[in-house]
Amino acid sequence: MKDPRTVLSKGNGKIEWRYPGSMSSQVIAIYNADKKGFYASCNDSLSYAKNFSLNLDTLNTLVYEMINYPSSSNPKSDTYSPKYKGIIGSFEGDWIDVASIYSKFALSQKWAKESRFKNGLTPSWLENTALWVWNRGKSANVLEPAIELKQALGLPVNVLWHWWHNCSYDDNFPEYLPPREGKQSFINAIRSAQNAGVNSIVYMNAIQWGDATEGWKSGKVKPYTVKDINGNERSHVFNVFSGKALINMCVGTKFWRDHYSSLCDSVVNIYETNGVYMDQTCLSVMCYDESHGHDIGGGNYWVENSGKLINQIRSKDFGVKKPIFTGEGSSENWLPHLDAFLTLQASKERYEGIGNTETIPFFQAVFHQYGITFGSYSSLVTPPYDELWPKKYAPGNTEQPLDEMFNKQFLMEQAKSFVWGMQPTIANYHSFLASERREEIDYLTEIVKTRYNALDYLLYGEFCRNPNLKIPRENIKISKLSIYAGKTGETVTTFEKNVPSLYVGTWKAKNGNIAIALASISDEVISVNFTIDPENYNISSEGKINLIKSSGKKYLEKYLNNIHIEMKLNPKEISIIEIVPQ
Ligand SMILES: [Zn+2]
């Protein structure tokens, strides 16, 4: 956030973030990179509920707070001592220095030691994914375009599948089964996609129950919902078309863990999918229902019980199949539990427009080699509309090419995901885009193929600071679009944003080699000129330099002492400079 004081003075004077939840890690920092910075964190390895906040006092002074929520399970006790310490301090530098300070604590904790990715527990088909297609609806709208894209790419494409389920989206969860196109049609489609080398994970929300469902109306579900401090349910209407509410279920109850894990068992074992995208997993909620048996209110039972739920899901017999279970958001707390993390923030403009915050790859900077991140709303078409929603609100132009003025936004999102070490994703892909948006699909193809020649860095590598180089900027058009905007007759809002024309990410492989990924979104040739002191990357002062492209690797030159790179990047060129110390 640029200039937090101004942002706070224009708002209500306070910003507060939940951990675990909107904060993936327990650290915030305020700094001026040319002066000093304020670092605030804590050393809680057990995932206790807490909020971090910044506010302005009456003298316009920035005030930092860490808000702790002791459990009220034992009200007779008149003392409270947290199981962790608050940490504050000063530092020099920027957010990358913050990531490096925080890593010293974070990477020696249980979540890093037990990370699924680090311990080789993530299935190879997930690690080998070159591209995700995130489509919605029946199999013809989802699996067929993905199979065609896989054939065109010649690399593994897998599918994140929304709106496959029986109920309409954001309504009658968890009435997911049987799939809306019918059991046999769904299974046949899944099988033929798998035969073509395309695996699918399906959407199932991990905490919500709809109040219009038969299950809810029977009254049998109510005892297992989250209760707030006044004993009320946490209910929210996401679906503006139906107006039906979703209510938070408590992961601390055996009822919900049994119900959700049995759904996962069915979609993998009966419906033959390759796993589940567990929406809303990486967040925590405080529950005050005394009958649930967990601590009341604050405490650390949420992550613990969510882990228990995922362990229960994994305890089912899946035979030779290696299903994956992924979640929404990135979070240190779920590194031992989830196989991958959906990080939509790479495409933040598409759902938030131009705000006062900018996404940074902080999670990757600390945890890249401990957790796979994927996913974004990056798309070239107008939003889809669930066929089960009211017909009267359906826009006439669903999944049609967006105005060409938004093409650069797509390139920007793909370039960011590439240099940030995420698995690339395209949302709402259709084969007509290969010709109607040829340049953009070619760009994505180039990114996917180049990345695939550099997985030691962009999948398995460790984040490093970029060398100092001049980055040109340009203004691009931004589209904000929502699947729910259709009700007001408007599906796309336009903004303009000044963005870098060149995206850069530097990564260190396990063998100590360094790679600098470059992705231009410019229409002009960009001069790239920088010098690296090998000492800054802790590598030998002698070695060789290669260039990695979509077509493969080519030797450039030797280096001795400083590494000088001087090259011209063609418009929209994707390249990786590889440094191999001797
Ligand atoms: Zn509860």
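The values are calculated or read from the model by the stated rules, or taken from the named source; none is laboratory data. Just so you know, these numbers come straight off a predicted model, no measurement behind them. All Cβ positions, glycine included, derive from the backbone under ideal geometry; neighbour counts span all protein chains shown. The area values use the complete protein model at the heavy-atom level, side chains included, leaving out ligands, DNA and RNA. Shrake-Rupley method; radii C 1.70, N 1.55, O 1.52, S 1.80 Å.
What to note about this one:
Residue by residue, here is whether (1) open to solvent by 40 Å² or more (accessible area, probe 1.4 Å); (2) within 27 Å of TYR370 (Cβ to Cβ) holds:
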| position | (1), (2) |
| --- | --- |
| SER9 | yes, no |
| LYS14 | yes, no |
| TYR19 | no, yes |
| SER22 | yes, yes |
| GLN26 | no, yes |
| ILE30 | yes, yes |
| PHE38 | yes, yes |
| LYS50 | no, yes |
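- Residue-level check: of (1) outside any loop (DSSP other than H, G, I, E, B); (2) among the aromatic types (Phe, Trp, Tyr); (3) open to solvent by 20 Å² or more (accessible area, probe 1.4 Å), PHE341 misses just (3).
- Under the condition of being surrounded by fewer than 21 Cβ atoms within 10 Å (Cβ to Cβ) and under 30 Å from PRO383 (Cβ atoms), the residues counted in region 503-531 number 2.
- Filter result (under 18 Å from LEU380 (Cα atoms) and surrounded by fewer than 19 Cβ atoms within 10 Å (Cβ to Cβ)) within region 126-140: none
- Matching residues, region 275-287, being more than 16 Å from the ligand (Cβ to nearest atom) and not aromatic (Phe, Trp, Tyr): GLY275, VAL276, MET278, ASP279, THR281, CYS282
- Evaluating ALA152 against the criteria (1) of a type in the set (A, V, I, L, M, F, W, C); (2) open to solvent by less than 60 Å² (accessible area, probe 1.4 Å); (3) in contact with a helix residue (DSSP H, G or I) (Cβ under 9 Å, 6 or more places away or on another chain); (4) more than 20 Å from SER45 (Cβ to Cβ) leaves one unmet condition, (2).
- Filter result (away from the ligand (no atom under 14 Å from the Cβ) and farther than 13 Å from ASN205 by Cβ) within region 228-244: ASN230, SER235, VAL237, VAL240, PHE241, SER242, GLY243, LYS244
- Residues that are buried (at least 22 other Cβ atoms within 10 Å of the Cβ), under 27 Å from LEU433 (Cα atoms) and in contact with a Gly (Cβ under 9 Å, 6 or more places away or on another chain), drawn from region 163-191: TRP163, TRP164
One line per residue, one yes/no per condition, for (1) open to solvent by less than 60 Å² (accessible area, probe 1.4 Å); (2) assigned to a loop (DSSP other than H, G, I, E, B):
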site	(1), (2)
THR357	yes, yes
ILE360	no, yes
GLN369	yes, no
TYR377	no, yes
THR445	yes, no
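- Tally of residues being within 16 Å of the ligand (Cβ to nearest atom), without any contact (Cβ under 8 Å) to a residue 60 or more places away in the chain, open to solvent by less than 80 Å² (accessible area, probe 1.4 Å) and not in a loop (DSSP other than H, G, I, E, B) across region 210-224: 0
- Among (1) under 23 Å from LYS348 (Cα atoms); (2) part of a helix (DSSP H, G or I); (3) open to solvent by less than 10 Å² (accessible area, probe 1.4 Å) - the single one ASN407 does not satisfy: (3)
- When each of ILE539, ILE563 is tested for being open to solvent by less than 30 Å² (accessible area, probe 1.4 Å), of a type in the set (A, V, I, L, M, F, W, C), in contact with a helix residue (DSSP H, G or I) (Cβ under 8 Å, 6 or more places away or on another chain) and without any contact (Cβ under 8 Å) to a residue 60 or more places away in the chain, the lone residue that passes is ILE563.
- ILE87 vs. criteria open to solvent by 50 Å² or more (accessible area, probe 1.4 Å), in contact (Cβ under 8 Å) with a residue 60 or more places away in the chain, more than 30 Å from ASN199 (Cα to Cα) and outside any loop (DSSP other than H, G, I, E, B): no
- Any chance TYR224 is more than 27 Å from the chain's Cα centre (by Cα) and modelled with pLDDT of 95 or more: yes
- Criterion (more than 22 Å from LEU107 (Cβ to Cβ), away from the ligand (no atom under 16 Å from the Cβ) and either surrounded by fewer than 24 Cβ atoms within 10 Å (Cβ to Cβ) or not β-branched (Val, Ile, Thr) (or both)) met by exactly one of GLU328, GLU290: GLU328
- Breaking point among (1) crowded, with 16+ Cβ neighbours inside 10 Å; (2) within 16 Å of the ligand (Cβ to nearest atom), for GLU272: (2)
- Failed condition for GLU290, given (1) touching a residue at least 12 places away in the same chain (Cβ under 8 Å); (2) farther than 25 Å from LEU160 by Cβ: (1)
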